[in-house]
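The block underneath contains the structure these notes are about, expressed in structure tokens.
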């Protein structure tokens with residue numbers, strides 16, 4: 001009996017402890033819940049405040065565009081640039097996508113690049129760089145080409161330009177041999193720079209540059225239609241020799257129909273379309289007489 005009672009008492013104590021242990025700790029639950037819910041509520045409140053503030057900025061008259069300044073336009077007008085950018089007075093300066101506006105402007109063939117900047121709160125600057133056409137290229141039809149060799153626009157009635165014309169290529173040749181055609185165009189533009197730098201001819205005197213994949217470059221003068229063969233390379237030295245030939249002809253009051261500078265130091269000249277080819281040395285010897 002003693003052992004039974006003792007065992008019963010022990011059993012009651014264990015049950016009591018288990019009840020106390022299984023009782024929920026509400027303070028701990030509330031503490032943990034607070035640690036989770038309060039940051040979420042705070043984030044939500046901040047997000048709502050941010051949304052309200054952003055909505056205010058995007059609709060506030062304080063950020064309404066009042067001035068748009070366009071720089072760099074020559075061929076185009078301010079209004080044409082603004083119409084391409086799709087930017088106008090009264091628009092909210094913060095909601096304008098400057099990158100997209102720049103891309104729209106650069107779609108115009110005359111525009112090389114466009115840079116847009118904001119000056120808060122109400123001013124936008126648009127700086128454009130127009131292409132500088134330095135020659136016309138004949139590819140079955142006539143196109144404008146800039147100093148980088150970019151063929152950017154077919155010539156229209158409004159494009160009255162007094163620039164040299166590049167010939168010898170066709171659109172099919174350009175498409176089939178793009179790398180070769182590109183090198184020929186680059187050489188033609190190099191010749192134009194060399195001629196300007198050495199002052200052999202002015203751009204007004206340069207009429208045409210013919211580009212041949214097999215024989216290289218040949219230039220034609222405007223006044224006398226003189227044919228000057230230059231080939232592929234060593235243009236600096238060839239133009240130096242050409243300068244001497246031109247001076248020699250001028251001193252003799254002669255006009256050349258044909259000048260060939262392809263064969264190294266030898267320069268072949270044909271006068272007045274009737275005389276036989278002569279070297280520069282022959283011309284100089286004749287002048288000495």
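Laboratory data are not the source of any read-out in this text; all were calculated from the coordinates shown. Small disclaimer: the values here were computed from a predicted structure and weren't measured. Cβ placement follows ideal geometry from the backbone for every residue including glycine, while neighbour counts extend to all protein chains displayed.
Quick notes on this structure:
- R0 of 25 Å, Cβ-Cβ distance residue 172-residue 142: FRET efficiency to nearest 0.05: 0.95
- Shape call, the range 131-212: gyration tensor on alpha carbons, a/c limit 1.5: oblate
- Full extension of the chain between residue 106 and residue 203 yields a length gain of 32.0 nm, computed as 0.36 nm times the residue separation minus the alpha carbon distance.
- Residues 262, 180, ranked from the fewest to the most other C-beta atoms within 10 Å, line up as 180, 262.
- If you take the Cα centroid of the range 207-241 and the Cα centroid of the range 132-174, the two points sit 18 Å apart.
- Classified by the C-alpha gyration tensor, the range 133-288 has a prolate form. Its axis ratio a/c, with a ≥ b ≥ c, is 1.5 or above, and a/b is larger than b/c.
- Computed E for residue 154/residue 69 - FRET, C-beta separation, R0 30 angstrom, nearest 0.05: 0.40
- Rg over Rh for the range 217-263 works out to 0.95, using Cα positions for both radii and the Kirkwood form for Rh.
- Chain lengthening between residue 222 and residue 182 when straightened (0.36 nm per residue, less Cα-Cα): 11.9 nm
- The range 133-288 - share of DSSP beta bridges that are antiparallel (%, nearest 5): 75
- Spacing of the two label points (7 Å from each Cα toward its C-beta) at residue 99 and residue 59, in nm: 2.8
- Here r is the Cβ-Cβ distance between residue 250 and residue 212 and R0 is 35 Å; the resulting FRET efficiency, rounded to 0.05, is 0.80.
- One chain, two ends: residue 161 and residue 193. Fully extended at 0.36 nm per residue, the span grows by 9.7 nm beyond their Cα-Cα distance.
- Cut-off 16 Å (backbone N to label point 7 Å along Cα→Cβ of residue 263), residues of the range 187-219: none
- Cα-based equivalent ellipsoid of the range 61-130: semi-axis lengths in Å, sorted from largest, via gyration tensor: 21, 11, 10
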